[in-house]
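Notes to accompany the following structure.
The values are calculated or read from the model by the stated rules, or taken from the named source; none is laboratory data. Note that the coordinates shown come from a computational prediction; the quantities given were computed from them, not determined experimentally. Please note: Cβ atoms are built from the backbone with ideal geometry, for glycine as well, and neighbour counts cover all protein chains shown.
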Amino acid sequence: MPLYRVEVPTYAVLPPAAYHLALSSLGTFHERRGDQALLDGGGALPNSWARVFGEDLERKWSGTVSPTFDGHLSGFQLGQDLIGWNEGAHRIGILGGQSRMHGDVRGQALGWNDLAVGDAEIESDSLGLYWTHVAPTGRYLDVVVMKSWFDGRSRSSADVGIDFKGDGLTATVEGGYPIAVGRQWSLEPQAQVVWQDFAFDDQADLFSPVAFEAEAAWTARLGLRLQGDLRPGGMAVRPYLKADVWHGFGAEQRTGFGQDWIVSDLKGTSLELGGGVTAALTSAISLYASADYTTEIDGPAREIVAGTLGVSIRW
């Protein structure tokens, strides 16, 4: 068995963690916008929205040293519909945000598996464009392209470390079709595909140059959302439950130490269960919140508890 110094998994966790950070920062349509009913009205600047989000996560990636990130993720996102047309059925807008993840790292080092080897921190700034279509039936199609800039660092338990910088694109296409299952309830099948492609700057520590080669990644989601449409006291309240299966297709993330390359892979399948609610406080202001739990179905271990709180304002 090769003997790896503690810095190897400490650095190797950075690229896959950055992919996770960008995917969480992007979110899904409902995490960003609440639900389709909040996207009404056309013209210039029809809606503004904002959300905060967070995760408590422990995630492992397969590969040469099987790095694990155990920590927290948090961020915020702001969005503005620039224009809506066809009575608000179509809209184009911009979004931006900041997010951060920090935590401890474990991996294979010094002949031990899952050894505590150090800690890592990554911050991300993002800016993107979106187009959303919502039909009178509630069917929706959402397309987002988002640019991310990463700035972070990783330091081993031996107090040796590197900075971490990079950038790249995330793009997603998502859709759903609600089917009435009663007078006040609907069941919505959903599908989403996400593409990510990042590049990270080469670095060096006290012992060797450190290079990163990131392969573009594809992620797919199939989900079901059961939503109610209730009117307590005349206020529109829409509670929901959801179940999603996420699958990350194989994408190698390579970390080079001199002539030696360490490979981590993004492949894995997970189940996400959650629920939330959207409430119209006034005719112009709505709040929405959600909470989710994710665990692995196939592939390396992952356990994520996540939450989102958002507001939508119609002008």
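Some notes on this structure:
- Residue check for THR294: assigned to a strand (DSSP E or B) and in contact with a helix residue (DSSP H, G or I) (Cβ under 6 Å, 6 or more places away or on another chain): no
- Close pairs from region 187-216: first among the charged types (D, E, K, R), partner assigned to a loop (DSSP other than H, G, I, E, B) and surrounded by 15 or more Cβ atoms within 10 Å (Cβ to Cβ), Cβ under 6 Å, at least 6 apart: GLU188/PRO178; ASP205/VAL160; GLU215/ALA251
- Screening region 10-61 for residues that are of a type in the set (D, E, K, R) and in a loop (DSSP other than H, G, I, E, B) and picking the one that is nearest to GLY268 (Cα to Cα) gives ASP35.
- Condition check for GLY258: out of contact with any Leu (no Cβ under 9 Å at 6 or more places or on another chain), touching a residue at least 24 places away in the same chain (Cβ under 8 Å), under 28 Å from VAL6 (Cα atoms) and exposed (fewer than 13 other Cβ atoms within 10 Å of the Cβ): yes
- Residues satisfying the criterion are present in region 52-73 (criterion: surrounded by 22 or more Cβ atoms within 10 Å (Cβ to Cβ) and of a type in the set (Gly, Ala, Ser)).
- GLY111 being over 21 Å from ALA306 (Cβ atoms) and surrounded by fewer than 17 Cβ atoms within 10 Å (Cβ to Cβ): yes
- Looking at LEU39, LEU45, just one residue is modelled with pLDDT under 95 and buried (at least 23 other Cβ atoms within 10 Å of the Cβ), and that residue is LEU39.
- Considering region 261-284, the residues that are under 26 Å from the mean Cα position of the chain (by Cα) and among the β-branched types (Val, Ile, Thr) include one that is surrounded by the most Cβ atoms within 10 Å (Cβ to Cβ), namely THR278.
- Qualifying residue in region 176-191 (condition: surrounded by 14 or more Cβ atoms within 10 Å (Cβ to Cβ), within 30 Å of VAL13 (Cβ to Cβ) and not aliphatic (A, V, I, L, M)): no
- Of all residues making up region 151-179, the number that are outside any strand (DSSP E or B) and either touching a residue at least 60 places away in the same chain (Cβ under 8 Å) or within 24 Å of the chain's Cα centre (by Cα) (or both): 5
- Taking the conditions (1) among the small types (Gly, Ala, Ser); (2) in a loop (DSSP other than H, G, I, E, B); (3) in contact with a Leu (Cβ under 8 Å, 6 or more places away or on another chain); (4) closer than 30 Å to PRO2 by Cβ in turn, GLY88 satisfies each one other than (4).
- Residue match in region 102-122 (condition: on the phi > 0 side of the Ramachandran plot, among the aliphatic types (A, V, I, L, M) and either in contact with a helix residue (DSSP H, G or I) (Cβ under 6 Å, 6 or more places away or on another chain) or modelled with pLDDT of 95 or more (or both)): yes
For (1) charged (D, E, K, R); (2) within 17 Å of the chain's Cα centre (by Cα), each residue gets a yes or a no:
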| residue | (1), (2) |
| --- | --- |
| GLY93 | no, no |
| GLY97 | no, yes |
| VAL105 | no, no |
| ASP114 | yes, no |
| GLU121 | yes, yes |
| TRP131 | no, no |
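- Among the residues making up region 142-173, those that are buried (at least 19 other Cβ atoms within 10 Å of the Cβ) and either over 22 Å from PHE212 (Cα atoms) or in contact with a Leu (Cβ under 8 Å, 6 or more places away or on another chain) (or both) are ASP142, VAL144, MET146, SER148, PHE150, GLY152, SER154, PHE164, THR170, THR172.
- Residue in region 303-315 that is modelled with pLDDT of 95 or more, closer than 30 Å to LYS165 by Cβ and not in a strand (DSSP E or B) present: no
- Reported count of residues in region 193-221, each being buried (at least 16 other Cβ atoms within 10 Å of the Cβ) and farther than 30 Å from ASP159 by Cα, is 5.
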